[in-house]
1. Can you confirm whether B:GLY176 is under 24 Å from the mean Cα position of the chain (by Cα) and buried (at least 24 other Cβ atoms within 10 Å of the Cβ)?
2. Kindly indicate whether any position in segment B:273-293 is of a type in the set (D, E, K, R), touching a residue at least 60 places away in the same chain (Cβ under 8 Å) and outside the structural domain of B:GLY109 (by TED's automatic domain parsing).
3. If only one of A:LEU146, A:LEU158, A:LEU165 is assigned to a strand (DSSP E or B) and either over 15 Å from A:VAL229 (Cα atoms) or of a type outside the set (Val, Ile, Thr) (or both), which one is it?
4. Report yes if B:ALA113 is assigned by TED's automatic domain parsing to the domain that holds B:ALA39, in contact with a Pro (Cβ under 6 Å, 6 or more places away or on another chain) and among the hydrophobic types (A, V, I, L, M, F, W, C), otherwise no.
5. Kindly indicate whether B:ARG276 is over 30 Å from B:THR98 (Cβ atoms) and modelled with pLDDT under 90.
6. Looking at B:LEU263 and the list (1) facing chain A (nearest Cβ under 10 Å); (2) of a type in the set (A, V, I, L, M, F, W, C); (3) surrounded by fewer than 24 Cβ atoms within 10 Å (Cβ to Cβ); (4) not in a helix (DSSP H, G or I), which single condition is not satisfied?
7. Taking segment B:243-260 as the region of interest, how many residues are at the interface with another protein chain (Cβ under 7 Å from one of its Cβ atoms) and of a type outside the set (S, T, N, Q)?
8. Exactly one of these conditions fails for A:ALA134: (1) touching a residue at least 60 places away in the same chain (Cβ under 8 Å); (2) surrounded by fewer than 20 Cβ atoms within 10 Å (Cβ to Cβ). Give me its number.
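The values are calculated or read from the model by the stated rules, or taken from the named source; none is laboratory data. Just so it is clear, the model here is predicted, and its values are computed rather than measured. No Cβ is skipped: glycine too gets one built from the backbone with ideal geometry, and neighbour counts run over all protein chains shown.
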Protein chains: 2
Amino acid sequence: MPNTGAQTAPRIAVDVMGGDFGPQVVVPAAVEAARDGIAVVLVGDSARIESELSGLNTAGLDITVVPASQVVEMDDKPSDALRRKKDSSIQVACRCVTEGRADGVVSAGNSGATVACGMFVLGRIKGVMRPALAGIMPTEKNPVVLIDVGANVDSKPLHLLQFGLMADVLSRCVLGVSNPAVGLLSIGEEEGKGNATVRDAFELMRQSDLRFIGNVEGRDIFTGDVDVVVCDGFVGNVALKLSEGLAKSMSNILKKQLRSSWLSRLGTLLSIRAFRRFKKVVDYAEYGGAPLLGLKGLVVVCHGKSNELAIVNAIRMAATSVRNKMHEHLAEGLAAHSGLAGKTEKASKDAA
Amino acid sequence: MPNTGAQTAPRIAVDVMGGDFGPQVVVPAAVEAARDGIAVVLVGDSARIESELSGLNTAGLDITVVPASQVVEMDDKPSDALRRKKDSSIQVACRCVTEGRADGVVSAGNSGATVACGMFVLGRIKGVMRPALAGIMPTEKNPVVLIDVGANVDSKPLHLLQFGLMADVLSRCVLGVSNPAVGLLSIGEEEGKGNATVRDAFELMRQSDLRFIGNVEGRDIFTGDVDVVVCDGFVGNVALKLSEGLAKSMSNILKKQLRSSWLSRLGTLLSIRAFRRFKKVVDYAEYGGAPLLGLKGLVVVCHGKSNELAIVNAIRMAATSVRNKMHEHLAEGLAAHSGLAGKTEKASKDAA
């Protein structure tokens with residue numbers, strides 16, 4: 001077993017070669033996280049890593065370097081990354097977990113390859129049918145977990161139930177929500193609204209121990225009144241990327257208008273602190289990345305454009321999940337519902 | 001045939017009883033539209049309509065009142081609205097089209113009931129498999145058409161192709177785009193990304209006469225680089241409502257921050273004109289409503305919360321579609337692709 005338990009520091013393997021900015025952003029981020037008492041394992045080109053480290057104060061920090069000779073490029077196919085790049089930084093980082101040298105992995109590299117390596121190298125927790133990516137997004141109140149944001153398409157009702165069970169545990173263990181409200185993403189609030197899969201998933205979730213609040217709609221995601229929103233990975237990926245795109249486009253339009261006269265430019269100058277706070281509230285970097293749930297070891301998938309803050313926060317999130325024994329709770333939560341899964345197996349197969 | 005042709009004014013039946021604000025907003029909106037040379041047919045409670053009209057200057061305007069004794073409530077089921085409320089304002093408005101008294105319908109009432117009445121009363125254009133709702137949304141450049149935003153769930157590949165063909169005509173005839181770029185909403189740009197339905201639809205769209213630019217992602221919707229985005233109604237409805245919710249939540253968060261100090265409140269005051277222009281750019285009311293495409297007569301479904309501007313613009317959009325003979329072009333576009341539909345019928349059935 002990897003080091004879990006409160007007595008030792010969580011140990012996180014960081015894919016140094018991943019992300020648009022590579023080692024020069026990832027290494028300083030990992031060092032910053034190490035200052036929080038997290039043990040970091042830097043995986044990638046040793047020479048590049050040592051060069052980045054030489055400029056930083058690392059005295060007294062628990063930092064290990066594990067060499068990896070290959071790099072998965074952003075346009076590599078996940079299957080190629082798996083088969084042809086067995087010594088890639090992301091694949092070696094995942095092996096650090098299976099070899100007991102780390103408890104979790106953080107990567108800002110090729111998302112598809114990261115998901116594929118995580119699934120193939122780490123393997124699933126017993127009882128998990130489909131690992132899922134949990135997107136964490138800012139709202140008017142607490143952050144919301146949207147699951148799945150792209151690890152699976154054409155999900156079955158039972159998969160959706162498991163996504164909800166896993167995100168419930170994430171919400172408790174990592175975001176500190178005591179009794180998460182779980183909603184099912186649909187196109188109307190009433191039971192019976194939605195497509196065939198959602199209608200069957202509704203019944204499964206109603207029978208579960210989740211605090212299931214029923215269907216929620218697209219407009220409910222950002223109000224902060226629901227803690228977990230469950231959907232198929234196609235819908236969730238569209239929703240996540242749409243949110244990112246819309247937030248950016250709205251900011252662009254607002255900036256353009258605010259720059260259009262000297263009066264409004266002056267006004268913006270006076271409001272600059274408010275705009276900065278606004279940016280902080282809606283900034284994805286505050287949440288670091290999307291945890292891939294259901295594997296034997298947490299993998300946090302970061303945005304390719306992740307800045308240092310995003311990487312630091314992703315490492316912190318992985319460490320928190322280790323400290324709070326998220327994986328043990330995940331296994332317990334799924335096991336507690338295995339009866340429900342069994343009972344509804346037929347219904348789920350019929351719907352398949 | 002209803003009055004089409006350039007020689008007579010487009011004649012639009014307006015469901016006066018629909019929407020959260022009812023006759024006191026819808027009647028003034030219809031009168032405003034009539035001032036643009038549109039003939040409006042006001043359908044609903046005659047006494048209420050006459051009372052609203054009495055306070056307005058309607059001299060020289062082409063306004064007709066058609067009585068309807070029932071009202072579809074916002075929580076009525078579409079099937080009940082159809083069967084039990086045959087004299088409802090929305091159903092009577094649709095009958096105005098089949099009876100040749102109007103060319104199109106505008107309603108801000110119960111969306112599900114409006115779609116159901118439109119389909120049942122007006123019937124489909126020959127060759128249309130599934131009528132679809134086209135959402136028109138602001139972007140950084142020109143507005144984008146997202147289709148379908150909720151009339152259908154579990155769409156088949158051939159349905160998606162037809163959605164694209166219909167929205168292409170809408171984009172040309174109503175939004176004035178000369179050669180619309182049509183994208184297929186998926187979770188990766190490369191061919192082969194997405195779920196089973198999307199992968200098959202990709203091939204159909206590639207073979208069509210559309211200016212098909214391939215897969216687009218959620219983040220591409222609001223850049224303004226694509227004119228039509230095609231998706232299943234479940235995904236589109238989530239996307240539409242999410243956009244609405246996110247835009248509102250972002251505004252709320254920004255407002256809260258801007259009000260948090262006297263300095264930023266002063267700044268906001270100086271920038272007030274820029275904020276107003278921003279609001280206008282991102283305001284759904286500028287686009288009026290979502291046209292339901294594929295029926296023998298256009299039905300424009302407005303948001304329940306529609307203000308006067310939204311209703312006026314919806315009526316103008318319906319009139320523009322009549323003036324530009326959108327329905328004839330729709331029928332032609334679909335007929336031109338019936339061979340493609342036939343050729344690919346097997347593929348579509350296999351995917352079903």
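1. Working: under 24 Å from the mean Cα position of the chain (by Cα): yes; buried (at least 24 other Cβ atoms within 10 Å of the Cβ): no.
In short, no.
2. Pass one, segment B:273-293, residues of a type in the set (D, E, K, R): B:273, B:276-277, B:279-280, B:283, B:286.
Right, trim to touching a residue at least 60 places away in the same chain (Cβ under 8 Å) and you get B:283, B:286.
Now restrict to residues that are outside the structural domain of B:GLY109 (by TED's automatic domain parsing): B:283, B:286.
Among the residues of segment B:273-293, at least one is of a type in the set (D, E, K, R), touching a residue at least 60 places away in the same chain (Cβ under 8 Å) and outside the structural domain of B:GLY109 (by TED's automatic domain parsing), which makes the answer yes.
3. On the way: A:LEU158 fails: assigned to a strand (DSSP E or B); A:LEU165 fails: assigned to a strand (DSSP E or B).
After applying the criteria, what remains is A:LEU146.
4. Working: assigned by TED's automatic domain parsing to the domain that holds B:ALA39: yes; in contact with a Pro (Cβ under 6 Å, 6 or more places away or on another chain): yes; among the hydrophobic types (A, V, I, L, M, F, W, C): yes.
The answer is yes for B:ALA113.
5. Numbers: over 30 Å from B:THR98 (Cβ atoms): yes; modelled with pLDDT under 90: yes.
Spelling it out, B:ARG276 is indeed over 30 Å from B:THR98 (Cβ atoms) and modelled with pLDDT under 90.
6. (4)
7. Here is the first cut: in segment B:243-260, the residues at the interface with another protein chain (Cβ under 7 Å from one of its Cβ atoms) are B:243-247, B:249-250, B:252-254, B:257-258, B:260.
Subsequent filtering for residues that are of a type outside the set (S, T, N, Q) retains B:244-247, B:250, B:253-254, B:258.
Matching residues across segment B:243-260 total 8.
8. (2)
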